[in-house]
Amino acid sequence: MVKSEKEIVSEFFKIVRSGKEIERASEFMAEMVIAHQVQAENEYSVTRSPQDYSNHVQEMKDLYGDFLLEVQEVLADGAKVYVRWRQTGKTIDGKETIEIASAVYLVRNGKIVEYWIQIDRKGLELQKN
């Protein structure tokens, strides 16, 4: 059975982005994915392999422990899927940290090939103080 783009991205969040089975990133991501990082006035793009992405999620686990990822909304329009989420974790000293973010994922041939992500970086910065 062929999965819809929305199902692919939803499973990616449930399995990989959640930190539960990061080693499965290649099931959902193309060999190289373009990641557009939108940080207010400083927009830039990087390419990530599934292994790079797994490492990225592992870094979050190292910083925030076994964080809780709550997907708040998933909308699909053809090959593009919008996801908004809230991630809650704890720093090494036990302080709760909340990240609010959203992204649009482009899916082609059953794999994520590109995404545009926006994260409330100022909110994260203020929680460090």
remark   = Options (1) 29; (2) 54; (3) 44 for percent of Cα pairs over 23 Å apart; the value derived from the coordinates is listed as (1)
key: Residue (of L75, S54, I119) at the positive-pole extreme of segment 5-128, dipole from beta-carbon charges   = L75
task = Tabulate in residue order the Karplus-calculated ³J(HN,Hα) for segment 60-65, using 6.51 cos²θ - 1.76 cosθ + 1.60 with θ = phi - 60°, rounded to whole Hz; enter x for Gly and Pro.
result = 5, 5, 5, 7, 10, x
request  = Can you tell me the FRET efficiency between R24 and D93 if r is taken as the Cβ-Cβ distance and R0 is 41 Å, rounded to the nearest 0.05?
outcome  = 0.85
query = Taking the Cα centre of the chain as origin and charging only Cβ (+1 Lys, Arg; -1 Asp, Glu), how large is the dipole, in debye to the nearest 20?
reply = 160
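So, R0 is 22 Å and r is the distance between the beta-carbons of L75 and V2; what FRET efficiency does that work out to, to 0.05? Don't skip to the answer; put the middle values down first.
Values: r = 20 Å, r/R0 = 0.91.
FRET efficiency, L75 to V2: 0.65.
Provide the net charge surrounding Y64, with neighbours chosen by a C-beta distance below 11 Å and charges set as Lys +1, Arg +1, Asp -1, Glu -1. Can you show the working numbers first?
Details: positive: K61, K90, K95; negative: E59, D62, D66, E96, E99.
With Lys, Arg at +1 and Asp, Glu at -1, the neighbours total -2.
Just add up the charged neighbours of P50: K/R +1, D/E -1, any other residue whose Cβ is under 13 Å from the Cβ of P50. Show your work: numbers first, answer last.
On the way: positive: R17, R24, R48, K111; negative: E21, E23, E27, E31, D52.
Residues near P50 contribute -1 overall.
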Within segment 1-106, GluC sites (Glu not before Pro) in DSSP loop having at most 13 other beta-carbon neighbours inside 10 Å = E21, E41
ask   = Which net charge results for the neighbourhood of V74, defined as the other residues with beta-carbon distances under 9 angstrom from its beta-carbon, given Lys and Arg at +1 and Asp and Glu at -1?
value = +1
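Below 8 Å, C-alpha to C-alpha, sequence gap of six or more: please give me the relative contact order for segment 5-128 in percent. Spell out each step's value before the answer.
Values: 243 pairs, mean separation 31.8, N = 124.
Value for segment 5-128: 26 percent.
Can you show me the helix-derived [θ] at 222 nm for the chain, built from DSSP H runs with n ≥ 4 at -39,500 (n - 2.57) apiece and divided by the number of residues, rounded to the nearest 500.
Details: 3 runs with 31 residues, N = 129.
One gets -7000 deg cm²/dmol as the mean residue ellipticity at 222 nm.
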request  = Grab the Cα-Cα distance for A101 and S49, subtract it from 0.36 nm times how many residues apart they are, and report the gain in nm with one decimal.
outcome  = 16.6 nm
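We did not get these values from a lab; they are worked out from the coordinates using the rules stated. Owing to the predicted nature of the structure, the values given are computational and were not obtained by experimental measurement. Cβ: placed from backbone, ideal geometry, glycine included. Neighbour counts: every protein chain shown.
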